[in-house]
Each structure stands twice: as structure tokens, then as C-alpha cells.
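Worksheet: the structure to be examined is printed underneath.
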């Protein structure tokens with residue numbers, strides 16, 4: 001298996017980060033294995049760490065009082081995973097981050113990150129890229145859930161997460177699309193003439 | 001009336017921005033009056049500018065194919081107003097930014113802003129604050145619309161936008177809460193025992 005630290009540095013997020021700074025980042029990280037079904041962040045806890053996915057696949061999910069799950073987003077390799085709002089506000093997270101495969105994350109404490117961020121302006125640049133992507137994604141999702149029908153949402157899912165379809169169970173995809181699994185079956189049949 | 005440029009510099013967003021830099025920002029801005037009912041950004045156009053509200057009140061709204069409106073957010077004085085995703089991606093905006101009162105915005109072109117941002121790291125700090133606030137707001141809204149009932153949403157609206165209630169028509173608030181105006185009447189009556 002390739003060295004996970006190499007993966008981080010080679011990821012597009014780290015373009016613009018000098019090698020010496022990337023090494024400083026890596027020194028602060030700790031690899032954490034998260035088994036399939038386990039959670040990197042649990043709803044109700046105040047997150048003190050965030051991570052970079054070097055292997056595997058996660059989803060962010062809300063669970064309502066009846067135990068019904070709602071999937072916010074999928075996060076495959078080369079994504080940052082964090083309950084960012086809760087971490088910044090130092091509050092309990094409303095959602096969990098669950099591994100859908102046996103996964104590995106390079107985890108860093110938020111406190112260490114803040115210190116690193118102060119030390120070199122390159123980290124603000126990276127943070128802006130991450131926040132902008134997250135914001136753009138959330139705005140797109142908002143619009144899709146408000147205005148688009150199941151077929152269009154499914155099409156966008158396929159484009160947004162290429163190659164994820166075969167790694168996900170049908171009910172996970174349905175939960176992300178905000179439709180019943182049976183509706184997803186219908187949509188899929190339409191797509192395959 | 002107070003000088004709008006003073007308002008900008010005194011706003012919490014500009015804490016940490018040196019005076020000389022704030023002056024550079026102001027030199028790039030142009031005051032734009034937006035009459036009640038007019039739009040600062042129109043859905044379908046690719047936004048080239050964004051602004052800082054020095055007076056008045058705006059809402060971000062989607063309009064669906066049947067002409068039904070959905071209010072994303074309200075933006076009173078001391079807020080940045082922009083169709084940020086569309087501006088960054090250089091794409092047409094999916095939503096409009098409409099003045100709900102006679103308003104004034106200090107507008108700046110995105111290109112000028114990007115140049116300014118390159119010139120001093122203080123601007124990245126400000127941008128991170130704005131993006132974090134926007135992200136936190138969007139995540140909170142997502143959860144509210146998914147899980148909270150009309151009463152709870154209304155309570156949060158009152159806390160989030162103190163003093164806005166009397167400046168807004170009932171159907172605007174209902175459109176923000178994602179409920180029918182009649183449901184809002186019921187909720188309000190409950191709140192006033």
C-alpha cells in the first residue's frame with residue numbers, strides 16, 4: 001500500500017503548500033483506522049479533531065428521534081472530514097461521520113491546526129479552498145433538494161461522485177437523495193434502457 | 001445619515017484589518033442604491049460584483065418554474081451580500097438578491113477583490129470569517145428544515161434575526177421558514193399567550 005502521507009501531499013488541496021509546511025502538517029497528524037460501521041465523529045460529542053481520508057469512504061449522517069437516517073454527504077479518499085461548524089463553535093456535533101468501508105484517516109487536533117495556520121499564510125489559502133468547496137457543495141445540494149426531481153438528483157449524484165455508486169448500498173444512496181429506496185430502484189431502471 | 005464607509009470599517013468583520021488596508025478596500029467600492037423590490041443580483045446572470053450592506057435589508061431567493069419563491073436568508077445592515085458560489089465558479093446564479101427596503105450597498109468587483117486579497121494576508125482572515133459564518137448558517141438551516149417543526153424554526157428565526165420581524169411581511173417570514181403563511185399565523189398566536 002502506498003504511504004498515506006505521500007497521498008496527502010500529492011492531493012490537489014496541498015498545491016500551493018510548500019513541502020516544508022506540508023511536513024509540519026504531517027508531523028501533527030496521527031493515522032487512525034476506522035472500521036466499517038464505526039464512527040470518526042459521533043453526534044452529541046464536541047469534536048476536537050478533524051481528518052484527511054487516505055483510504056476508504058465515509059458519510060456524514062443525521063439521525064432523527066425515530067432513528068431515521070439522513071445522509072448529508074459522502075467523503076471518499078482525499079477529502080477532509082470534519083464536523084466543522086461544531087468544531088469551530090466548540091459545540092456538540094449534530095451529525096456523525098461514519099465509515100462505510102474499512103478506512104484510514106490522518107487526524108489532527110483542531111488546536112494544533114489553529115497554531116499551524118497562524119504560522120504560515122499558505123494554510124489560510126488551503127482553508128479557503130476547502131471552505132469554498134464545502135459552501136458550493138452545500139448550496140448546490142440545497143437547490144437540488146428544493147427543486148429537482150429524483151431522476152435529476154440521481155444524475156447529479158453520479159456526476160458528483162464518479163465510481164462511488166458500486167461502493168454504496170442502495171439505501172445509502174436513497175438516503176442521500178432524500179427518496180425511498182423503492183423510488184431509487186425505479187429511477188435506476190429508467191436510466192438503463 | 002452616517003458615512004457608510006465608516007460603518008464598514010467599524011463592522012466586526014473588519015476587526016483585524018489595518019486602517020490602511022480598509023481604506024484600500026473602500027477605494028475599490030462604489031455605493032449603489034437598490035430600491036425596495038429591485039435586485040442587486042438577478043438569477044440567471046453571472047455575478048461580477050458583491051457588496052456590503054450599509055443600509056436596508058435584502059433577501060436571497062429562489063424562484064421555481066411556477067413562480068413560487070423560496071427565501072434562503074435575510075441580510076440586514078453590516079452583512080456581505082453575494083451570490084458567492086456562482087461568482088467563484090463564474091457561472092449564472094441560481095438565486096436573486098432582492099432589496100426588501102430602500103437599501104444601499106458598497107459594491108466591489110470580484111476581480112478587484114481578488115487583487116486586493118493577494119496584496120495582504122488580512123483579507124484571507126476576513127474571508128475565512130465570512131465563509132465560516134456562511135457555512136455554519138447553512139448547516140444550521142439544513143438541520144432546521146430537515147428536523148424541526150414550525151414553532152422551533154420560528155423561535156430560531158427570532159433569535160437569529162433580532163428586530164427583523166417587524167421589518168418583514170408575514171409571507172416573507174413564512175417563505176424563509178418553509179411553511180404556508182397560514183401556518184405562521186397559527187405559530188405566532190401560540191407564541192403570544
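Just so it is clear, none of the values below were taken in a lab; they were calculated from the coordinates. Note that this is a predicted model, so its numbers are computed, not measured. Glycine gets a Cβ as well: all are built from the backbone with ideal geometry, and neighbour counts include every protein chain shown.
Based on the Kirkwood radius over alpha-carbon pairs, what is the Stokes-Einstein translational diffusion coefficient of segment B:71-127 at 10 °C with 1.306 mPa s viscosity, in µm²/s? Don't jump to the answer; show the numbers that get you there.
On the way: Rh = 13.3 Å.
This corresponds to a translational diffusion coefficient of 120 µm²/s.
I need the calculated FRET efficiency for the pair residue B:6 and residue A:128, taking r as the beta carbon distance and R₀ as 22 Å, to the nearest 0.05. Walk me through the numbers before you get to the answer.
Numbers: r = 28 Å, r/R0 = 1.27.
According to the calculation, E is roughly 0.20.
Determine the relative contact order of segment B:4-122: mean sequence separation of Cα pairs under 8 Å and six or more apart, normalised by residue count, in whole percent.
Working: 239 pairs, mean separation 44.0, N = 119.
Dividing the mean separation by the residue count of segment B:4-122 yields 37 percent.
Can you list, shortest first in nanometers, how far residue A:3 lies from the same residue in the other copies, with each label 7 Å from Cα toward Cβ?
In nanometres, ordered from closest: 5.7.
Under the definition of partner shielding as Cβ atoms of other protein chains within 10 Å of a residue Cβ, what is the mean value for peptide A:126-138? Walk me through the numbers before you get to the answer.
On the way: counts 0, 5, 5, 0, 1, 7, 7, 1, 5, 8, 6, 1, 7.
Across the residues of A:126-138, the mean count of other-chain Cβ atoms within 10 Å is 4.
Place the label 7 angstrom along Cα→C-beta at residue B:78 and in each other copy, then list the distances from the first to the rest in nm, shortest first.
Ordered by increasing distance: 4.2 nm.
Placing the label point 7 Å from Cα along the Cα-to-Cβ direction, what are the distances from residue A:28 to the equivalent spots in the other copies, shortest first, in nm to one decimal?
Values, ascending and in nm: 2.8.
Determine the shielding of peptide B:140-151 by partner chains: average, over its residues, the number of Cβ atoms on other chains within 10 angstrom of each Cβ. If you can, show how the numbers build up before the last one.
Values: counts 3, 2, 9, 6, 0, 3, 7, 7, 0, 0, 0, 0.
For this peptide, the per-residue mean of nearby foreign Cβ atoms is 3.
What is the mean number of Cβ atoms from other protein chains located within 10 Å of the Cβ atom of each residue in peptide A:118-125, rounded to a whole number?
Details: counts 0, 0, 1, 4, 0, 1, 6, 3.
Taking all residues of A:118-125 together, the mean is 2.
Which value, in nm² and rounded to one decimal, describes the direction-averaged projected area of the C-alpha convex hull of the protein assembly as shown?
Values: hull surface 86.1 nm².
The orientation-averaged projected area of the Cα hull of the protein assembly as shown comes to 21.5 nm².
So what is log10(I(q)/I(0)) for segment A:112-193 at q = 0.13, 0.18, 0.19 1/Å, when the Debye sum runs over its Cα atoms only?
-0.55, -0.79, -0.84
Multiply the residue gap between residue A:114 and residue A:30 by 0.36 nm, knock off their C-alpha separation, and tell me the result in nm, one decimal place.
Details: separation 84, 0.36 × 84 = 30.24 nm, distance 1.63 nm.
Between residue A:114 and residue A:30, full extension yields 28.6 nm more.
Does segment A:33-80 come out rounded, prolate or oblate, given a ≥ b ≥ c as the square roots of the eigenvalues of its C-alpha gyration tensor, rounded meaning a/c under 1.5 and, failing that, prolate meaning a/b above b/c? Can you show the working numbers first?
Values: a/c = 2.02, a/b = 1.52, b/c = 1.33.
Verdict is prolate for segment A:33-80.
With no solvent and one point per C-alpha, what does the Debye sum give as log10 I(q)/I(0) for chain B at q = 0.09 Å⁻¹?
Summing over Cα pairs of chain B leads to -0.36.
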